[in-house]
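Chemist: Pasting in a structure now, in structure tokens, and then I'll have a few things to ask.
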Amino acid sequence: MPLALGFCLVNDGDFRRSIEDGINSGRDTDSIGVMAGAILGAMHGEDVIGKADCQLLDEANRLDLIASADAFTETVKAILAADQAATDSRAVSRAALLI
């Protein structure tokens, strides 16, 4: 994580350069590149990925990157909503014990 953050800072938040530096750093390169991309993607959204890069990723991986990310986001939202509902239910049950 420190190297990924460092590459994001050294490259002034440039998405592609940060990932490339992470990949070429000579250590756990796939993880460092992915972390740099995840950090900058979370900060700037899907527009940070160039259209040509997105198309290349889609072709190489045989998937629609943006659609996959959207589906992942919806799954996370559903999990968070379920967790919040469970937390709220426990709070109501605890409050009922105090009456």
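The values are calculated or read from the model by the stated rules, or taken from the named source; none is laboratory data. As the structure is a computational prediction, the values presented were derived from the model and not from experiment. Heads up, the Cβs are rebuilt from the backbone with ideal geometry, glycines too, and the neighbour counts pull from every protein chain shown. The protein model used for the area step is the full one, side chains on, heavy atoms only, and it has no ligands, DNA or RNA in it. Shrake-Rupley method; radii C 1.70, N 1.55, O 1.52, S 1.80 Å.
Chemist: Which of the residues that make up segment 76-99 are open to solvent by 80 Å² or more (accessible area, probe 1.4 Å), β-branched (Val, Ile, Thr) and at pLDDT 95 or above?
Modeler: Ile79, Val92
Chemist: Something else about it: I'd like the full set of residues that are in contact with a Cys (Cβ under 7 Å, 6 or more places away or on another chain) and among the small types (Gly, Ala, Ser), limited to segment 13-67.
Modeler: Hits for segment 13-67 are Ser18, Ala36.
Chemist: Does Leu63 qualify as being among the hydrophobic types (A, V, I, L, M, F, W, C), open to solvent by 60 Å² or more (accessible area, probe 1.4 Å) and over 30 Å from Arg16 (Cβ atoms)?
Modeler: On the way: among the hydrophobic types (A, V, I, L, M, F, W, C): yes; open to solvent by 60 Å² or more (accessible area, probe 1.4 Å): yes; over 30 Å from Arg16 (Cβ atoms): no.
Against the criterion (among the hydrophobic types (A, V, I, L, M, F, W, C), open to solvent by 60 Å² or more (accessible area, probe 1.4 Å) and over 30 Å from Arg16 (Cβ atoms)), Leu63 does not qualify.
Chemist: Among the residues of segment 1-41 satisfying the criterion of being of a type in the set (Ser, Thr, Tyr) and touching a helix residue (DSSP H, G or I) at 6+ places or on another chain (Cβ under 7 Å), which is nearest to Leu65 (Cα to Cα)? Can you show your working first?
Modeler: First pass over segment 1-41, keeping only residues of a type in the set (Ser, Thr, Tyr): 18, 25, 29, 31.
Now narrow it down to the ones that are touching a helix residue (DSSP H, G or I) at 6+ places or on another chain (Cβ under 7 Å): 18, 25, 29.
Values: Ser18: 19, Ser25: 25, Thr29: 21 Å.
Among residues in segment 1-41 that are of a type in the set (Ser, Thr, Tyr) and touching a helix residue (DSSP H, G or I) at 6+ places or on another chain (Cβ under 7 Å), the one nearest to Leu65 (Cα to Cα) is Ser18.
Chemist: Name every residue in segment 2-20 that is at negative phi and open to solvent by 60 Å² or more (accessible area, probe 1.4 Å), in order of residue number.
Modeler: Step one: of segment 2-20, the residues at negative phi are 2-11, 14-20.
Selection gives Pro2, Leu3, Leu5, Leu9, Val10, Arg16, Arg17, Glu20.
Chemist: Let me ask something else. Would you confirm whether any residue within segment 40-57 is open to solvent by 60 Å² or more (accessible area, probe 1.4 Å), farther than 19 Å from Phe15 by Cβ and of a type in the set (A, V, I, L, M)?
Modeler: Of all residues in segment 40-57, those open to solvent by 60 Å² or more (accessible area, probe 1.4 Å) come to 42-44, 46-47, 51-52, 55-57.
Those still in the list that are farther than 19 Å from Phe15 by Cβ too: none.
The answer is no; no qualifying residue exists.
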